[in-house]
Amino acid sequence: MNDRLPSVIDRYYSAVNARQLDLQIDCFTPNAIVNDRAENRLFGGHESIRRWAGASAAANEPSVDVRAFARRDDGTVSVTTEVTGTFPGSPLPFVYDFTIVAGRIVYLDVRPR
């Protein structure tokens, strides 16, 4: 069994932590969907995801530390993280569930743990 994160997820977190918005967006398919359960909002497509990610980076200055991950039978990769930033309660645990097709993220569900 491969005990490494899929490369697109590794690239995603590297881009988030480096505040490299273009590299972060490149990890998604053009029609990808992000479900941000902390905000109770859905974001679809590159432009909408770009606005979400940019606003989050500006407001919260997040830094994500991967703690663990698991591959589910349905192909989803579930990543447990600790997110540090300028938001109340920082740091907080979050779970990111990634659905990946052809090396890119098609669906990302983010929720506080």
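Values quoted throughout were computed directly from the atomic coordinates according to the rules given, and no laboratory measurement underlies them. Only a predicted model underlies this, so the values are computations on that prediction, with no experimental measurement involved. When we count neighbours, we look across all protein chains shown, and the Cβ atoms used for this are built from the backbone with ideal geometry, even at glycine.
Observations, loosely collected:
- Helical contribution to [θ] at 222 nm, DSSP H n ≥ 4, -39,500 (n - 2.57), averaged over the chain, rounded to 500: -9000 deg cm²/dmol
- Across the stretch 25-64, Cα pairs under 8 Å and at least six residues apart give a relative contact order of 31 percent.
- The chain - charge dipole about Cα centre, Lys and Arg +1 at Cβ, Asp and Glu -1, debye rounded to 20: 60
- A straight line joining the Cα centroids of the stretch 55-77 and the stretch 87-110 runs 4 Å.
- For percent of Cα pairs over 17 Å apart, the candidate list reads [x] 51; [y] 61; [z] 55; the entry that matches the value derived from this model is [x].
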